[in-house]
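Below you'll find the structure, written out as structure tokens, and then a few comments.
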């Protein structure tokens, strides 16, 4: 295996690590030291620039926040001087804007701290393969540079969201047609809008059409427009959505619901870049970029003959997949925080917060309606909650009931991890003590109460089952605030006679 790896590598690979944090440099050194690469380290952009000038570097891992010139400045300068140098941005500030900017400036990749060691290994292996190709066939990798001050519309820091950020950065400044896949409510239109706003078309219209929401007999006119008298009710000429998006972006949501005859007309739009209004003979040039989206499996529809194969390959040269919220639960706390702030602005309410237990339940729920459902639930909670702190009692029944239905046959240990995983992580990260007492206190009350209820509030019997004496049980009941209901009091008195 060692011989195969060294044979696959270029003769020498020089890697520059530009980061002012000693701990990051140490981790990367330990990760790559035995891989056969030559490592160089710098703490400032100026020092790194001198290394690039004096030696041939193949790959650079560059932090954004640096003393003096920042990582962006280093990236832009080196893209002009050394376009063959592969630069990966590494940063502790994982935002959509940073990821998109990195890819648009020509970065090879983008990593957020804290990163996984395996991520560094995988990235360097990919870079080495790219270096081999570039040495055989050099090419300029630098794309055009554009800035955007748009507020981030896509919230998340998980791996799948970071991949979306990078895809947006790679495709935004091209004219390529994009197909966005994902379940309803996963934010497909937000991705399309982000592509538009990070492209050279940002100052032009972004026009969205939901192909499933418009009646079939109106959809053709809605897309292509019509001439006066083209059909009953067409009292004047009307420009369609394709025409309205002139110079901008046309977003066709739920394209899988487009009827076959309109699929043929859309194919001509994509192939010939022209169309005619309904009832018209004038040929109109298409200047809009087209982005499509669907929650359906288009290849299945192609196999069934309900979606044109040629259209599928026309709309899908570049595919972005939006993962369902249940597969990126690590983003739910960020989304909840975002929707609480957004809801306060839109609804004119005072700021709201959510307690840890309620947030844990929201994180465990499977969200069949995805991000859209989460936003609606958070807004409803802000209105309905009795206080400024949203608690578990405020959550809707379907969210509370989902936990048990979706976890059949789980072990007690799995249950503990589901309910206490975040708390355990907090204690470990902050080196806090008292975790066992905290967990015991939360488990003891429902345990004692359930045993009392199932023994008909017979304290002698309940104490025996719990393995404690009756005085201890009474003491714990007082401490935990467990009150005997009226029906149990007489039974307790009878017990003592």
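A short reminder: the numbers here are calculations on the coordinates, not readings from a lab. From a predicted model like this one, the values you see are computed outputs, not experimental measurements. As a convention, Cβ positions derive from the backbone with ideal geometry for all residues, glycine included, and neighbour counts pool all protein chains shown.
Computed from Cα atoms, the angle from the helix 159-171 axis to the main principal axis of the chain rounds to 20 degrees.
Give, in nm to one decimal, the length gained when the segment between residue 261 and residue 398 is fully stretched (0.36 nm per residue of separation minus the Cα-Cα distance).
Computed gain between residue 261 and residue 398 is 45.2 nm.
Taking the C-alpha atoms only, the angle from helix 412-430 to the longest principal axis of the chain is near 70 degrees. Measuring r between the beta carbons of residue 476 and residue 30 and using R0 = 51 Å, the FRET efficiency lands at 0.50. Here, P(r) means the percent of Cα pairs in each 5 Å bin from 0 to the largest distance; for segment 165-323 it is 2, 9, 19, 22, 21, 15, 8, 4, 1, 0.
Pairwise Cα separations in segment 42-101 fall into 10 Å bins from 0 onward with the following percentages, short to long: 22, 58, 19, 1. Radius of gyration over Kirkwood radius for the chain, both on Cα atoms: the Rg/Rh ratio is 1.09. Please say if segment 326-405 is rounded, prolate or oblate, where rounded means a/c under 1.5 for a ≥ b ≥ c the square roots of the C-alpha gyration tensor eigenvalues, and otherwise the choice is prolate for a/b larger than b/c and oblate otherwise? In terms of gyration-tensor shape, prolate. Among 21, 364, the ranking by other beta carbons within 10 Å of each residue's beta carbon, starting with the fewest, stands as 21, 364.
Relative to the dominant Cα principal axis of the chain, helix 260-272 is inclined by about 50°.
Report the rotationally averaged projected area of segment 2-136 based on its alpha-carbon convex hull, in square nanometres.
For segment 2-136, averaging the hull's shadow over all directions gives 7.8 nm².
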